[in-house]
Amino acid sequence: MKKIALHWQILIGMLLGLVFGFAMLQFGGKAFTSDWIKPIGTIFVKLLKLIAIPLILASLIKGISDLQNISKFKRIGIRTIIIYILTTVIAISIGLVLVNVINPGDGVSEETITKLTQTYSENSSVQAKIQEASKQMDSGPLQFLEDMVPDNAFSALSNNKLMLQVIFFSIFLGISMLLIGEKRAKPLKKLFDSLNDVVLKMVDLIMLTAPVAVFALLANVVVSSDDPDILLALVKYAGVVVLGLLLMIVFYSILVATITKKNPFWFLKQISPAQLLAFSTSSSAATLPVTMERVEEHIGVDKEVSSFVLPVGATINMDGTSLYQAVAAVFIFQALGLELTFTDQITIVLTALLASIGSAAVPGAGMVMLVIVLESVGLPAELLPIGLALIFAVDRPLDMCRTVVNVTGDATVSMLVAKSVGKLGEPNIKNWDDNYEDVK
Ligand code: ASP
């Protein structure tokens, strides 16, 4: 019998999870779902996070030491950062054009605003986001550089939130390995090469459980979602964000077709398991191991490029998040009947760019940085909880969608950079059981 392709298996798992979740809502199975179904999804996400740091470490060190010269690394680094900034600015611009043309905030009635404010403005997670944002705003302009440099390699490696520190340490180590010369670096290189292969095998094994895990993740999202009436009131705003995100996927497809000369449908198909996981987990960091595996083995991007572009992208390149921040900021102003000048909109471009770089690659992080965007265009502090309350109900579904775009953007840029340095090769797919017969 022909095996069903992984992306179909995951999609079926997701659909069944949705159906199951709605059935549980109908029949009062909320507690059952969170006691017995949710843990399956949580374990899966933990497994992915478990291998993220070893994967970044091993793959970056392998990638850099394979490069054999530092100027090649510099070329890849500079191109990556420039393309990341360009795609993010385009994403924000698409968001701003759509929200200004469609005006989703104008149709929101006083009644809805009052209802949303009453339901969410005192909500603990809205308050927590505002507090976290104010902590970030109190820090100096170079704080992010300071934060990037670890003072203890082992503590950096022991905290998933410190991914940029791990990237910094790995690059530092990789470059120093190049500098001691091939012969002396060989034992260490062999160690990381092998660790890299092992961790990628772990990705294959974890992915065997993906269809069941996404079932659990989506069933849980459905049972913890808000009242459908409230969701409906925000449908126009959510529609603008989703339309913008779809346009970004079209934009990536055009880039892939014109610059790498690959078929964009093929690209989307190869990357689809990572996209589906991004949707189910709402976390680009948790999806990173799968994104890496797909981009390297199924698309053919050389490790020398993907090992740098993808981990950096997962932490700083968030096109979907920045598009959402632009739309949400303008929507909140429109709904509250406040004016935004042209200069304000330019300020949104700049702050949303910085905010998306600063957003953590975890669920709901985009909303924290949205607070900073709102403050930069002068939303009074007392209106912040109301502003967030307006969009809070649909934040989770939109987070799922924007994370898909964040991950697709990283994969696209890795292809563009690889093409530009002649490192876009042919796929080389490895299966979990390639050696199974020898060891079973
Ligand atoms: N969940 C997003 C990510 O992980 C970040 C956000 O937009 O909240 O990419």
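The values are calculated or read from the model by the stated rules, or taken from the named source; none is laboratory data. Predicted model only: the values in this text are computed from it and were never measured. Here the Cβ positions follow ideal geometry from the backbone for every residue, glycine too, while neighbour counts run over all protein chains shown. These accessible areas exclude ligands, DNA and RNA; they are computed on the full protein's heavy atoms, side chains included. Shrake-Rupley method; radii C 1.70, N 1.55, O 1.52, S 1.80 Å.
The selection criterion, being open to solvent by 20 Å² or more (accessible area, probe 1.4 Å) and either at pLDDT 95 or above or within 14 Å of the ligand (Cβ to nearest atom) (or both), does not hold for Ile299.
In segment 259-293, the qualifying residues are those that are among the hydroxyl-bearing types (Ser, Thr, Tyr) and under 11 Å from the mean Cα position of the chain (by Cα), and the one that is farthest from the ligand (Cβ to nearest atom) is Thr291. Just one of the numbered conditions (1) crowded, with 18+ Cβ neighbours inside 10 Å; (2) outside any loop (DSSP other than H, G, I, E, B); (3) within 16 Å of the ligand (Cβ to nearest atom) is not true of Pro385: (3). From the list Ile85, Ile92, exactly one residue is within 19 Å of the chain's Cα centre (by Cα), under 23 Å from Val312 (Cα atoms), open to solvent by less than 20 Å² (accessible area, probe 1.4 Å) and at pLDDT 95 or above. Which is it? Result: Ile92 is the single residue among Ile85, Ile92 that is within 19 Å of the chain's Cα centre (by Cα), under 23 Å from Val312 (Cα atoms), open to solvent by less than 20 Å² (accessible area, probe 1.4 Å) and at pLDDT 95 or above. Residue selection: Val301 satisfies the criterion of being over 26 Å from Ile332 (Cα atoms) and touching a Gly at 6+ places or on another chain (Cβ under 9 Å). So, Phe27, is that one of a type outside the set (A, V, I, L, M) and in contact with a helix residue (DSSP H, G or I) (Cβ under 6 Å, 6 or more places away or on another chain) or not? No; evaluated as a whole, the condition is false for this residue. Consider segment 120-151. How many of its residues are assigned to a helix (DSSP H, G or I) and more than 11 Å from Pro385 (Cα to Cα)? Residues meeting the conditions: 13. Checking Lys440 against (1) surrounded by fewer than 20 Cβ atoms within 10 Å (Cβ to Cβ); (2) modelled with pLDDT of 90 or more; (3) not β-branched (Val, Ile, Thr), which test does it fail? Evaluating Lys440 over (1) surrounded by fewer than 20 Cβ atoms within 10 Å (Cβ to Cβ); (2) modelled with pLDDT of 90 or more; (3) not β-branched (Val, Ile, Thr) leaves (2) as the failure. Set side by side, the residues Thr258, Thr281, Thr287 differ, and just one is among the hydroxyl-bearing types (Ser, Thr, Tyr), under 21 Å from Gly21 (Cα atoms) and modelled with pLDDT of 95 or more, which is Thr281. Only a single item in (1) in contact with a Phe, Trp or Tyr (Cβ under 8 Å, 6 or more places away or on another chain); (2) farther than 14 Å from Lys62 by Cα is not met by Asp147, and it is number (1). Just so you know, in segment 363-380 the residues that are near the ligand (Cβ under 10 Å from one of its atoms) and closer than 17 Å to Asp138 by Cα include one that is surrounded by the fewest Cβ atoms within 10 Å (Cβ to Cβ), and it is Val368.
Among the residues of segment 1-41, those that are free of Cβ contacts under 8 Å to residues at least 60 places away in the same chain and closer than 21 Å to Gln275 by Cα comprise Lys3, Ile4, Ala5, Trp8, Leu15, Val19. In segment 213-222, the condition of being of a type in the set (Phe, Trp, Tyr), open to solvent by 20 Å² or more (accessible area, probe 1.4 Å) and within 16 Å of the ligand (Cβ to nearest atom) is met by no residue.
Would segment 179-186 turn up any residue that is in a helix (DSSP H, G or I), open to solvent by 30 Å² or more (accessible area, probe 1.4 Å), hydrophobic (A, V, I, L, M, F, W, C) and closer than 21 Å to Ala314 by Cβ? No, segment 179-186 contains no residue that is in a helix (DSSP H, G or I), open to solvent by 30 Å² or more (accessible area, probe 1.4 Å), hydrophobic (A, V, I, L, M, F, W, C) and closer than 21 Å to Ala314 by Cβ. Scanning segment 224-242 for residues that are open to solvent by 70 Å² or more (accessible area, probe 1.4 Å) and assigned to a helix (DSSP H, G or I) turns up Pro228, Asp229, Leu232, Val235, Lys236. Exactly one residue out of Leu288, Leu255 is in a helix (DSSP H, G or I) and either without any contact (Cβ under 8 Å) to a residue 60 or more places away in the chain or farther than 24 Å from Ile12 by Cα (or both), and it is Leu255.
If you go through segment 243-260 one residue at a time, do you hit one that is open to solvent by 10 Å² or more (accessible area, probe 1.4 Å), among the polar types (S, T, N, Q) and under 29 Å from Ile83 (Cβ atoms)? Within segment 243-260 (the criterion being open to solvent by 10 Å² or more (accessible area, probe 1.4 Å), among the polar types (S, T, N, Q) and under 29 Å from Ile83 (Cβ atoms)), the answer is yes, since at least one residue qualifies.
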